[in-house]
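The values are calculated or read from the model by the stated rules, or taken from the named source; none is laboratory data. Values in this document were obtained by computation on a predicted structure and should not be read as measured data. No Cβ is skipped: glycine too gets one built from the backbone with ideal geometry, and neighbour counts run over all protein chains shown. When the accessible area is computed, the model is the full protein with side chains, heavy atoms only, and any ligands, DNA or RNA have been set aside. Shrake-Rupley method; radii C 1.70, N 1.55, O 1.52, S 1.80 Å.
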Amino acid sequence: MSSRALGPCLVCDAPAVGINFAIPTCAPCKAFFRRNAVKLGRRDFICQQDGDCPVTYKSRRFCNCCRLAKCFRTGMQKSLIRSEAEREARKQLVEQNRKKRSQCTSITKVGLIRPSNLLLLSNGSSQCISPFDQTSLTNIFSAYERTCIATKVSQSPAFPRVRHTSLHTFLNDYTERQVALIKYFKIIPEFDRLSISDKIRLVRNHFCLALTINEAALSSNISQSLLDSVSILYDADLSRELIKCITVIHSYTSDRMLLQLLLVVINLSSGINRYRNDTDMDRIYDDTLSIFAAQNIYVELLWKYFLSRSPSEVHAVRFYNKLIRDLLWTQRVCFMAESYIYNLTGEIQKMDPLIQSMWPICESSD
């Protein structure tokens, strides 16, 4: 991920190099916090001035007391600092992954990816989230906050803002949130490494389902303007099904982390395509192997998250099954809605360019 995409370090305003201890920081502030946060209680940090020294990339070395205070004030979390044993385990994991990546370069597209260990249930479900997994979840949470939540607060406080009577104005009202959602996906490293063509196809093929999940992640309440708009814009049967879908997905709003992680998993589903019936997915995506491998990472993380939040493996399996059933049903209804819109050429032509690109002209198959 580039420094431009991350923005400035929240502590000193230097270019950020990554999400470190829950916020974007530069490398020096990352190292400073790791060294000094663990010393609290064993060492006194005293400011020689009035306790409010400016902390910039030029002055950050002047006062350790104010710099450390700003680290905590901007959201850096001491609990995410790894112990020596955890750092050694992380080092070994990185080395193992490096070896796996070097081996994958020699595998052609006809090769197979090793099956995940998702369903190998253990007795230690409470400890199934490793420090590395916790860091991944923290990064996902932070990325969503800086994109989708930030856009909701600053530009798009509600969707839709008013009750709509035409589809193009209804979906145009979602443009700012769709831009933010794409930015969120681009922060996910595995997604960002895909070709631009595959990124476009993935975002386009999951538009309606991602919109439904995203709205639940952004707000626990279903706005009356949304219900009214859906009832006006679609026929009675389809609008009734869509409202049921919205209600079902909103039943998961008590766990926003789940919805944010689910957005990543859904967006990396290469096996879903709205407008083509090809069974050979290599005719639709450039690199299905990389997409499948990327999704495998986040499906496994999702399963571990379920285990960590459930009293037992049995509860986790039951919850997982219910979620999959709800998603498949919602996906079916979303496909019906998208097919309905796809036939309204006049409405599509009036959409904003980004929203219009979600309904491309269907190419004839080979």
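Observations on the structure shown:
- Helices (runs of 4 or more DSSP H) contained entirely in the stretch 294-366, each with at least 1 residues that are over 29 Å from ASP192 (Cα atoms), under 25 Å from the mean Cα position of the chain (by Cα) and modelled with pLDDT under 90: 313-342
- Residues that are farther than 18 Å from LEU263 by Cβ, hydroxyl-bearing (Ser, Thr, Tyr) and crowded, with 17+ Cβ neighbours inside 10 Å, drawn from the stretch 289-328: SER290, SER310
- Candidates THR138, THR247, THR169, THR212: the one that is open to solvent by 10 Å² or more (accessible area, probe 1.4 Å), modelled with pLDDT under 90 and part of a helix (DSSP H, G or I) is THR138.
- Being without any contact (Cβ under 8 Å) to a residue 60 or more places away in the chain, under 30 Å from SER308 (Cα atoms) and of a type in the set (Gly, Ala, Ser) holds for only one residue in ALA210, ALA217, and it is ALA210.
- Selection count, the stretch 76-95, where residues are in contact (Cβ under 8 Å) with a residue 40 or more places away in the chain and not in a helix (DSSP H, G or I): 4
- Looking only at the stretch 74-88, and only at residues there that are within 25 Å of the chain's Cα centre (by Cα) and open to solvent by 70 Å² or more (accessible area, probe 1.4 Å), the one that is modelled with the lowest pLDDT: SER79
- Total residues in the stretch 25-50, condition more than 15 Å from ARG61 (Cα to Cα) and either in a loop (DSSP other than H, G, I, E, B) or of a type in the set (A, V, I, L, M, F, W, C) (or both): 8
- Qualifying position, being under 26 Å from PRO131 (Cα atoms) and surrounded by fewer than 17 Cβ atoms within 10 Å (Cβ to Cβ), among LYS30, LYS70, LYS91, LYS58: LYS91
- Condition met for GLN49 (farther than 30 Å from PHE191 by Cα and among the polar types (S, T, N, Q)): yes
- Matching residues in the stretch 184-209 - criterion: being open to solvent by 30 Å² or more (accessible area, probe 1.4 Å) and touching a helix residue (DSSP H, G or I) at 6+ places or on another chain (Cβ under 6 Å): LYS186, GLU190, ASP192
- Single residue of LYS183, LYS152 found to be over 15 Å from the mean Cα position of the chain (by Cα) and not hydroxyl-bearing (Ser, Thr, Tyr): LYS152
- Selection within the stretch 215-244 - within 19 Å of LEU181 (Cβ to Cβ) and outside any helix (DSSP H, G or I): SER219, SER220, ILE222, SER223
- Residue within the stretch 267-280 that is open to solvent by less than 10 Å² (accessible area, probe 1.4 Å) and modelled with pLDDT of 90 or more present: yes
- Search result, residues across the stretch 148-166 that are in a helix (DSSP H, G or I) and touching a residue at least 24 places away in the same chain (Cβ under 8 Å): CYS148, ILE149, ALA150, THR151, LYS152
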